[in-house]
Structures are given as structure tokens and as C-alpha cells.
Amino acid sequence: MRILFIGDIFGRGGRNIVRDHLHDLMEQRAADLVIANGENAAGGFGITPQLADELFQLGVDVITTGNHIWDKREIMEYMQGDGTGPAQRLLRPANYPSGLPGRGLYEGQTRKGCPYAVINLQGRVFMTSNDDPFRTADQLLSQLRAKVVLVDFHAEATSEKIALGWYLDGRVTAVVGTHTHVPTADERVLPGGTAYITDVGMTGPYDGVIGVQKEQIISRFLKNLPMRFEPATADVRLCAVVIECDDQTGRASSIQRLRLDE
């Protein structure tokens with residue numbers, strides 16, 4: 001079984017490169033399951049119901065998110081449904097406080113009938129206060145029957161990401177990091193059979209600072225004045241990983257970084 005995971009989709013540029021190339025990527029890589037982090041899809045900050053539906057129509061099976069999930073308030077109503085329809089495939093971190101809209105776990109089947117699960121977690125180091133992602137993972141895994149389990153760990157600190165990778169080694173198929181928008185070159189399969197990478201990287205404009213116009217960010221560092229950030233537009237890239245695993249055991253056999261330039 002092959003899983004294609006697409007890193008943080010940022011703004012129009014990120015959406016366009018996914019629209020233009022996802023179908024070919026799915027065919028070329030024989031992807032059975034497509035997951036994408038979409039929390040920056042709407043102008044770099046949040047995601048709307050319309051954009052979520054567009055990504056699903058393009059072939060994305062599950063959308064994960066992170067700390068920007070509530071930036072577009074209309075997404076709350078979208079995620080407050082009855083647990084059916086496409087909205088159930090848009091996740092927010094599972095270790096958010098109880099009572100919030102949405103959920104952080106999705107269980108489904110591939111087109112070939114293979115059961116799988118996707119867990120969305122958010123880190124606590126240098127980020128807002130959430131419940132413990134380690135113990136939340138334990139709780140969710142105790143409920144699952146699927147052997148193929150991918151975890152999107154949306155976190156700032158590399159140490160926290162690496163620690164969770166080791167903590168879940170042998171219990172999940174993959175732990176992939178998102179949030180920093182900078183791809184790392186540390187992809188590997190851990191001894192227990194869990195594929196790991198600290199950060200998949202951003203799918204969006206690299207002629208800027210983590211997706212935002214570089215002039216604005218430089219000005220912010222120089223003057224420390226608040227301003228409205230706008231997405232950069234040039235040097236758009238699609239960053240992803242392809243994970244190959246055994247659909248009977250869930251153990252990963254390989255993880256490969258991909259970078260597609262516009």
C-alpha cells in the first residue's frame with residue numbers, strides 16, 4: 001500500500017499546484033491513499049468549507065490541520081455536522097480541549113478496501129496549550145482496529161516531533177511532521193517499522209518567508225510593527241512524502257521525499 005502525504009498547502013499557489021499535478025502524482029506513484037495538511041489553504045491562514053470540498057474533489061482523501069484551523073470561522077459550522085459526509089474527513093488536532101467542533105481521528109477504507117486511520121495531533125512546545133499529544137495518541141490507538149495508521153504531528157519543536165516518532169515506533173505506520181513549512185532531510189523507517197520525517201515541508205510559494213511575502217516579514221523583524229500578512233506568489237513547490245507499507249501489518253518499508261517545482 002502506498003500513502004501520498006502532501007505538506008502544508010499554503011494559499012492560492014499551493015492549491016493551484018495541487019490542482020495541476022495531484023492526478024498525475026497519484027498515477028505515477030500508484031497512491032492508494034492521499035492525505036494533505038490544509039490549514040493554510042485560505043490565503044495562508046485557515047481553510048473554508050468550499051476549499052476543503054475542492055481538495056476532496058481533486059482526490060485528497062483526508063485533510064489534516066493545526067493551529068490555524070479556526071482562522072476562518074465558517075469552518076466551525078462545517079465541522080459540527082453529524083459525523084457523515086466529507087466534513088468528517090477534515091480533521092483538527094485530537095488533543096484540543098473537549099467540546100470543540102470536529103474530531104482528530106478518521107477511520108476509512110481505501111478504494112481497494114484496505115482499512116486505515118489518520119490521527120491529527122498538535123505539539124505543546126512553543127505553541128498554545130493543548131492536552132498531551134503522547135497520551136492522546138495512546139488513547140486513540142487503543143480504540144483502533146486498522147493496522148495502517150498515519151499520524152500528522154503539527155508541531156514547532158524538532159525535539160518534540162522526534163520524541164513522538166520514537167514513542168510511537170512500531171505502533172503506527174508513519175509519523176509525519178508539519179507546521180514549520182521547511183522540509184527536512186531526515187526521513188527514515190524506525191526500527192519498529194514506523195516511517196518518520198520531522199517536517200514534510202510546505203506546498204506553496206518559496207519566494208518568501210514560510211509562505212508570506214518576504215518584504216513584510218523583514219519589515220516586521222526590523223520595526224516590530226503589526227501588519228496584515230499576504231501570501232508570496234513565486235517559486236511555488238509541492239512538497240510531499242510517499243510511504244510504502246504492508247496493509248496487513250501496517251509496517252512501513254520505505255519513505256521517500258518528493259519536491260515538485262512549478
How high is the relative contact order of the chain, in percent, counting Cα pairs under 8 Å that sit 6 or more residues apart? 19
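Highest mean first, how do 221-227, 110-116, 175-181 rank when packing is the count of other Cβ atoms within 10 Å averaged over residues? Intermediate results must be reported in sequence, preceding the final value.
Working: 221-227: 8.0, 110-116: 14.4, 175-181: 26.3.
Per-residue Cβ counts within 10 Å, averaged per peptide and sorted highest first, yield 175-181, 110-116, 221-227.
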So what's the net charge close to D32: Lys and Arg +1, Asp and Glu -1, counting the other residues with Cβ under 11 Å from its Cβ? +1
For the stretch 144-175 and the stretch 96-129, compute the distance between their C-alpha centroids and round to whole Å. 12
What does the highest-first list of 20-28, 142-150 look like by mean Cβ count within 10 Å? 142-150, 20-28
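Below 8 Å between Cα atoms, with a sequence gap of 6+, how large is the relative contact order for the stretch 125-192 in percent? Don't skip to the answer; put the middle values down first.
On the way: 56 pairs, mean separation 23.4, N = 68.
Relative contact order here is 34 percent.
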Residue-count net charge about A232 - beta-carbon cut-off 11 Å; Lys, Arg +1, Asp, Glu -1: -2
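What ranking, highest mean first, results for peptides 237-245, 56-64 when packing means the other Cβ atoms within 10 Å averaged over each residue? Walk me through the numbers on the way to the answer.
Values: 237-245: 23.9, 56-64: 21.2.
Order by mean packing, descending: 237-245, 56-64.
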Run the paramagnetic zone check for M76: 7 angstrom along Cα to Cβ, then residues of the stretch 93-132 with backbone nitrogen under 15 Å. 97-103
Using distinct alpha-carbon pairs, which all enter the 1/r mean, Kirkwood radius of the stretch 2-261 in Å: 18.1
Quick one: compute the contact order of the stretch 17-70, relative version, from alpha carbon pairs under 8 angstrom and 6+ residues apart, as a percent. 40
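Quick note: the coordinates plus some simple rules give every number you see, no bench work behind them. This structure is a prediction, so every number in the text was calculated from the model and none was measured. All Cβ positions, glycine included, derive from the backbone under ideal geometry; neighbour counts span all protein chains shown.
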